[in-house]
Amino acid sequence: QVQVVESGGGLVQPGRSLKLSCTIPGVLFSIYNLGWARQAPGKQREQVATIVVGGATTYADSVKGRFIISRDRTKTTVWLEMNSLKPEDTAVYFCGAGSYSITSWGQGTQVTVSS
């Protein structure tokens, strides 16, 4: 069982930045793909950022150029840096890991973008 714990959510004004953290103890980042997804009320879960074993990253069009996913293998931590936040970024953000597709997800952390 992979344990995933997100943190760093909160209330932020439009245009500001926020950085989410996720710790996944006991997982070898050398063989696991990592990612962040989000789910807004009444909407389907959306994969927003992924970093694969080799280090390549992919982003949803809705966040491309604003969000950055990164990882630290020694700390088994993955981050999601969110810049130029918009009200439509409001959602519960989930961190996940998987040896191929991402199948183990955390409980999520709420991000609210509002003035």
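The values are calculated or read from the model by the stated rules, or taken from the named source; none is laboratory data. Remember, predicted model here, so these are calculated numbers, not experimental data. We place every Cβ from the backbone using ideal geometry, glycine too, and count neighbours over all the protein chains shown. Please note that ligands, DNA and RNA were not included when accessible areas were found on the heavy atoms of the full protein model with its side chains. Shrake-Rupley method; radii C 1.70, N 1.55, O 1.52, S 1.80 Å.
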Exercise. Could you calculate the contour length gain from residue 86 to residue 39, that is, 0.36 nm times the residue separation minus the distance between their Cα atoms, to one decimal place in nm?
Key: 15.4 nm
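If the chain between residue 31 and residue 53 were fully stretched, how many nm would it gain, using 0.36 nm times the residue separation less the Cα-Cα distance?
Numbers: separation 22, 0.36 × 22 = 7.92 nm, distance 0.58 nm.
Result for the pair: 7.3 nm of gain on full extension.
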Quiz item: Count of lysine pairs in the chain with Cα atoms under 22 Å apart, counting only pairs 8 or more residues apart in sequence or on different chains?
Solution: 6
Practice problem: With 5 Å bins from zero, work out the P(r) of region 8-68 over every alpha carbon pair and list the percent per bin. | Solution: 4, 14, 20, 27, 20, 10, 5, 1
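Assuming a ≥ b ≥ c are the square roots of the Cα gyration tensor eigenvalues, decide whether region 48-115 counts as rounded (a/c under 1.5), prolate (otherwise, with a/b larger than b/c) or oblate. Please report the intermediate quantities before stating the final value.
On the way: a/c = 1.93, a/b = 1.56, b/c = 1.24.
Prolate is the answer for region 48-115, as a/c is 1.5 or above and a/b outweighs b/c.
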Quiz item: What is the pair-distance distribution P(r) of the chain, computed from all Cα-Cα distances in 5 Å bins starting at 0, with each bin given as a whole percent?
Solution: 2, 13, 25, 26, 19, 10, 4, 1, 0
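Can you order the peptides 25-38, 59-72 by their average number of other Cβ atoms within 10 Å per residue, highest first? Let's see the in-between values first.
Numbers: 25-38: 18.0, 59-72: 15.1.
Packing order, densest peptide first, comes out as 25-38, 59-72.
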Self-check item: Å² of accessible area per residue within region 1-46, as computed with a 1.4 Å probe and no ligands counted
Solution: 59
